[in-house]
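Reviewing the structure listed below.
Here, each number is a calculation from the coordinates, and none is a lab measurement. Remember, predicted model here, so these are calculated numbers, not experimental data. Quick reminder, even Gly has a Cβ in these numbers, built from the backbone with ideal geometry, and neighbours come from all protein chains shown.
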Amino acid sequence: MKILILAAGYSTRLYPLTLDIPKPLLEIGDRKMLDHLLDRLRPLPHSEIVLVSNHRFVDQFQVWSRTAGLPITVLDDGSRSEQDRLGAVGDMAFAVRERSIGEPMLVVAGDNLFDFPLEPFVAEFEKKSAPLVGLYEYPRWQHLSKYGIVTLDEAGRFSEFVEKPKEPRSNLVSMCLYVFPADTLPFLARYLSGSDPKDAPGHYIRWLMGQCGVHGHRFRGVWLDIGDLDSLEEARKIFGKKESIHGKNV
């Protein structure tokens, strides 16, 4: 299994913090955001970890990767600004093409922090051999309109996926956490050849529902999608505190 970390965004909502530093390399406690994520990825069986960066920050990611504690392949997607970025789906397709990926691929956003293990997620994927999406049971119903909301059928398959609904029918939020079987990876290029949105990966997942069955895996615990100053501060309070008490992220 390949592991792909998406880290090519420009994080304009966090300016000026992210003018010169990519969001995944911001400090959470006394460690980089990506170091926390690697705690969850390191135990998983994998043949390679790949990180996709934009051109502006690729050098910083390469420097970080040398001290990450395990081999990481850093790719430069060539974009130089918010205007010419490839988007999340474009970066997934770029990585598949550049690394000639022909095995299952786990994809995770570089700005997601969580305290739950991923081994059960991968184990469920191995049983189903179908696209699997991480779902978080979000407790704050008043904030659900900011996310992609999923409804599952009795077999755990996606029956409905709505981006930013005004009246959500469930509190299952689609995380940027996926495992795709090898035989579904060509769908990325097919999707990009159309006119659908290229950045928000939720649009791709909704499209994928029409091509094959998509399943969901529920997570409980702490999950933060760090997109603004408030969520960054919350992450520093939660994960920084865990470090100071336990000496490591748990």
Just flag the GluC sites (Glu not before Pro) in segment 133-216 sitting in loop per DSSP whose Cβ has no more than 16 other Cβ atoms within 10 Å.
E154
When a/c is below 1.5 the answer is rounded, else prolate if a/b is larger than b/c, else oblate, so apply that to segment 47-111 with a ≥ b ≥ c taken from the square roots of the Cα gyration tensor eigenvalues.
oblate
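With a cut-off of at most 16 other beta carbons within 10 Å, and DSSP calling the residue loop, which trypsin sites (Lys or Arg not before Pro) in segment 144-189 qualify? Please list them.
Answer by residue number: K166, R169.
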Overall Cα dimensions of segment 2-246, principal axis frame, Å, largest first:
43, 39, 35
In Å, the Kirkwood hydrodynamic radius from C-alpha pairs for segment 91-147 sits at 14.1 Å
Overall form of segment 1-45 per C-alpha gyration tensor (a/c, 1.5; a/b vs b/c)
oblate
Quick one: which of K23/K164; K2/K164; K146/K166 span more than 21 angstrom between C-alpha atoms?
K23/K164; K2/K164
